[in-house]
There are 2 protein chains.
Amino acid sequence: MSETKSEASPETTVLVLDAGPPTPPPRLGSLTGRARVLHADESTLAGQLPLADVLLVWDFTSDAVRRAWPGEGRRPRWVHTASAGVDHLMCPELAASDTLVTNARGVFDQPIAEYVAALVLAMAKDLPRTLELQREHSWRHRETRRISGTRACVVGSGPIGRAIVRTLKALGITTALVGRTARAGVHASEDLDRLLSRADWVVCAAPLTDETRGMFDVRRFGVMQPSAHFINIGRGPLVVEDDLVATLSKRWIAGAALDVFEHEPLPADSPLWTTPGLLVSPHMSGDTVGWRDELGAQFLELYKAWESGRQPVNVVDKKRGYVPGH
Amino acid sequence: MSETKSEASPETTVLVLDAGPPTPPPRLGSLTGRARVLHADESTLAGQLPLADVLLVWDFTSDAVRRAWPGEGRRPRWVHTASAGVDHLMCPELAASDTLVTNARGVFDQPIAEYVAALVLAMAKDLPRTLELQREHSWRHRETRRISGTRACVVGSGPIGRAIVRTLKALGITTALVGRTARAGVHASEDLDRLLSRADWVVCAAPLTDETRGMFDVRRFGVMQPSAHFINIGRGPLVVEDDLVATLSKRWIAGAALDVFEHEPLPADSPLWTTPGLLVSPHMSGDTVGWRDELGAQFLELYKAWESGRQPVNVVDKKRGYVPGH
């Protein structure tokens, strides 16, 4: 591919979008002598973009790239985002350009799979209620659910969805994986409603694209069993949040957990905080101790390939909005 | 074994200790014509014991058998308890007798293993804190722990301990199983301190015997890593509760979860309810929907063997206090 041909040199400029309190990317010191590293935040990105050969989107909570990209001047030849999703940076101009886009595919798979297992087990074993009763010093025995032999439907057949399937299977859960198109071990999206209707656990791990936006709406929640639980660790806008609030309030499904939201951080006055049966966590499912270091190391691996003119891994299909699967 | 020789007949009397609000055992109707079924509670047990050929200890929270057994008169030839532990019924007179004792080995293995996995994952992923922050409508991102690659030490090599090991291994945790004596896949108790000192997760699934009572005391907690978590799903008196409170208060270990207690139900004024880093649940780790039905069905299976003069499974070694392992 022509866009992987690199002319990296000590004059190469790597621009890092790392605004805000999260720590700057580790390990970039090893680029000394190989590139010039500049830093930008949301307010300075547009002005600095024409200077950059490479853009590292370290602050992946920002949509500054999507806003700055259509502007004037030279554009980076390569954009890497320290996230699995690319929805925050994609715009038609970037999609149509020759610029290579890569993502952090691989870093979050196992941590997120464990997080989903934690949520499934917490729901099955009624842990939130146990903690509530502990606060009241109240001894109240309940019968809980056995998870082995139950069914899960995992939506999103990328490496995160596949890691979730592996982990839930290891716990004795029968799983179905749903992707855009059918292939070995993956159901096509036409099968989704049928699979949802018999699932005990529905896990959303899909990328956010025009096709998937709002896919979990009142109709889809209505297809699920009253005993079903829904988990979203993908992106907030995959779910119509008002529909989920209504669904839980009417007890059409038994419970849900959201780690991602339409607006992050979730405003203090959001009804989601207090919706019955809903567990809210602050977009942390993949972030285990050492994750920033792993993300930094991964960028340097990709940089090494790029500067020597090789094709980096994790190249995003910009039209589809994710790295095509195997 | 001489005590398995049965002279069961329609004149056989099955006495059921089923006091208290929990529902009576299901399925006993199928004994109609095969045996006479009497019911006792804690206050009437001593008087009815001489009438019984078979005693079914359905109310396994009661120690009425241990108190009534040393009395006068004929004693049952077979005692079955609907629990894994037999500590609540054993007394020297029963241990020295010819009476066969069987337990509910097998029913609780998988549910308890899942419950332990739920606790490990909840602790690793900081779920109790997430629920606290949700109550405060507070968005606070934290880094959590990855469990794959961590180490667990499971104490108690019976079927429950072995099911826990299988489940934790499936989640990528390196596990060591500790029993009374070394055998294939099982470490001897002499290895315990060494294994405790390197474990991230310590799980107590041991039977309560004279040897194991109070085994988790301040010295043993002191051997563990400051980052370690302790879980007890065995029996309350395996743990010196005051020592655990002191250990957690001084942060010698990172956290703990108790499902069983010296005194059950746990009194409302117990300091355990409010000990920092301690998760309290009401002796429910093995009790998944349908468990009472499974326990009733299991007793009837054993009864079928016993009435036809065959050796029932799950025969407890009354000196050791558990069913000897394979």
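FYI, it's all coordinate maths here, none of it is from the lab. If you're wondering where the values come from, they're calculated on a predicted model, not measured in any experiment. Ideal geometry is used to build each Cβ from the backbone, glycine not excepted, and the neighbour counts take in all protein chains shown.
Over the stretch B:127-225, all Cα pairs binned in 10 Å intervals from 0 give whole-percent P(r) values of 15, 39, 26, 15, 5, 0, listed from short to long. Placing a label point 7 Å from Cα along the Cα-to-Cβ direction at A:Ala182 gives distances to the equivalent points in the other copies of 5.6 nm, listed shortest first. Amide H contacts of A:Val101: A:Val79, A:Val316, each under 5 Å away and 5 or more positions distant or on a separate chain (H built 1.01 Å from N in the peptide plane; Pro and chain starts excluded). Seen from B:Arg36, the other residues with C-beta closer than 10 Å to its C-beta sum to a net charge of -1, counting Lys and Arg as +1 and Asp and Glu as -1. Counting from the shortest, the label point at A:Pro70, 7 Å from Cα toward Cβ, is 8.8 nm from the same position in each remaining copy.
If the cut-off is a Cα-Cα distance under 25 Å, which lysines reach A:Lys318, setting aside same-chain residues fewer than 8 apart in sequence? Counting by Cα, and skipping residues close in sequence, A:Lys318 has these lysines nearby: A:Lys5, A:Lys304. Between B:Arg198 and B:Ser30, the contour length at 0.36 nm per residue exceeds the Cα-Cα span by 55.3 nm.
Spread over its residues, the convex hull of the C-alpha atoms of the stretch B:190-326 is 140 Å³ per residue. Taking the inverse of the mean 1/r over every pair of distinct Cα atoms in the stretch A:195-276 gives a Kirkwood hydrodynamic radius of 12.7 Å. Counting neighbouring Cβ atoms within 10 Å and putting the fewest first, the residues B:Asp269, A:Asp126 line up as B:Asp269, A:Asp126. With the convex hull of the Cα atoms taken as the outline of the stretch B:39-122, the averaged projected area works out to 6.4 nm².
Inverting the pair-averaged 1/r between distinct Cα atoms of the protein assembly as shown gives 27.6 Å as its Kirkwood hydrodynamic radius. On the basis of the beta-carbon distance and an R0 of 60 Å, A:Asp317 and B:Thr44 show a calculated FRET efficiency of 0.20.
A point 7 Å from Cα along Cα→Cβ stands in for B:Thr32, and the other copies hold the same point at 8.8 nm, listed in rising order.
What number comes out for the charge environment of B:Lys319, summing +1 per Lys or Arg and -1 per Asp or Glu over other residues with Cβ under 13 Å away? So the environment of B:Lys319 carries a net charge of 0.
For the stretch A:1-154, what Kirkwood radius comes out of the mean inverse Cα-Cα distance, in Å?
Computed over Cα pairs of the stretch A:1-154, the Kirkwood hydrodynamic radius comes out at 18.9 Å.
The angle separating the long axis of helix A:291-307 from the principal Cα axis of greatest extent in chain A is about 40 degrees. Mind checking which lysines have their C-alpha under 19 Å from A:Lys125, skipping anything on the same chain fewer than 8 residues away? Reachable lysines: A:Lys169, B:Lys125. The chain A residue nearest the rotation axis shared with chain B, using its Cβ and rounding the distance to whole Å, is A:Ala170, 2. Couplings 3J(HN,Hα) for the stretch B:251-267, derived from phi with the Karplus relation 6.51 cos²θ - 1.76 cosθ + 1.60 (θ = phi - 60°), are 6, 5, 10, 7, x, 7, 9, 10, 10, 9, 9, 4, 10, 10, x, 4, x Hz, where x marks Gly and Pro. Under the combined filter of DSSP loop state and at most 11 neighbouring Cβ atoms within 10 Å, the stretch A:12-121 retains these trypsin sites (Lys or Arg not before Pro): A:Arg74.
Panel order for A:Ile164, B:Ile112, by other beta carbons found within 10 Å of each beta carbon, from fewest to most: B:Ile112, A:Ile164.
Using the alpha-carbon positions of chain A, Rg (one decimal) and Dmax (whole number) come out as 21.2, 68 Å.
The Cα center of the stretch A:74-115 and the Cα center of the stretch B:161-215 differ in position by 44 Å.
Of all beta bridges that DSSP places with both ends in chain A, some 5 percent have antiparallel geometry.
Measuring nothing but how far apart in sequence close Cα pairs (under 8 Å, 6+ apart) lie, relative to its length, the stretch B:109-280 scores a relative contact order of 17 percent. Taking the C-alpha atoms only, the angle from helix A:159-170 to the longest principal axis of chain A is near 30 degrees. The stretch A:116-159 and the stretch A:289-326 have Cα centres separated by 35 Å. Per the Debye formula on identical point scatterers at the alpha carbon atoms of the stretch B:245-326, with no solvent, log10 I(q)/I(0) at q = 0.15, 0.16, 0.21 Å⁻¹ is -0.81, -0.85, -1.02. Working from the Cα coordinates of the stretch A:109-280, the gyration tensor eigenvalues give, after taking √(5λ), semi-axes of 25, 20, 15 Å in decreasing order.
Here the Karplus relation 6.51 cos²θ - 1.76 cosθ + 1.60, evaluated at θ = phi - 60°, turns the backbone of the stretch A:195-208 into coupling constants of 5, 4, 5, 10, 8, 7, 10, 10, 10, 9, 10, 7, x, 8 Hz, with x for every Gly and Pro.
For the stretch A:122-228, the share of DSSP beta bridges that are antiparallel, to the nearest 5, is 10%.
Here is how the number arises for chain B: DSSP H runs of 4 or more residues each give -39500 (n - 2.57), the sum is divided by the residue count, and the result at 222 nm is -7500 deg cm²/dmol.
The 3J(HN,Hα) values that the Karplus relation (6.51, -1.76, 1.60; θ = phi - 60°) gives for the stretch A:137-146 are, in residue order, 6, 10, 8, 9, 5, 10, 8, 10, 9, 8 Hz. Gly and Pro appear as x. Bridge orientation summary for the protein assembly as shown: considering DSSP beta bridges with both residues in this region, about 5 percent are antiparallel. Please list, in order, the residues from the stretch B:286-326 whose amide nitrogen is less than 18 Å from a point placed 7 Å along the Cα→Cβ vector of B:Asp191. Residues B:325-326 fall inside that zone.
Exposure proxy ranking for B:Cys153, A:Cys204, A:Cys91, based on other Cβ atoms within 10 angstrom of each Cβ and starting from the fewest, stands as A:Cys91, A:Cys204, B:Cys153. Proximity of backbone amide H atoms, modeled 1.01 Å from N, is registered between A:Val202 and A:Cys153, A:His229, A:Phe230, A:Ile231 at under 5 Å, excluding neighbours fewer than 5 places apart on the same chain.
Determine the relative contact order of chain B: mean sequence separation of Cα pairs under 8 Å and six or more apart, normalised by residue count, in whole percent. It rounds to 17 percent for chain B. GNM remark for chain A: springs join alpha carbons under 10 Å apart, and the peak mean-square fluctuation among A:Gln134, A:Gln225, A:Gln298 falls on A:Gln134.
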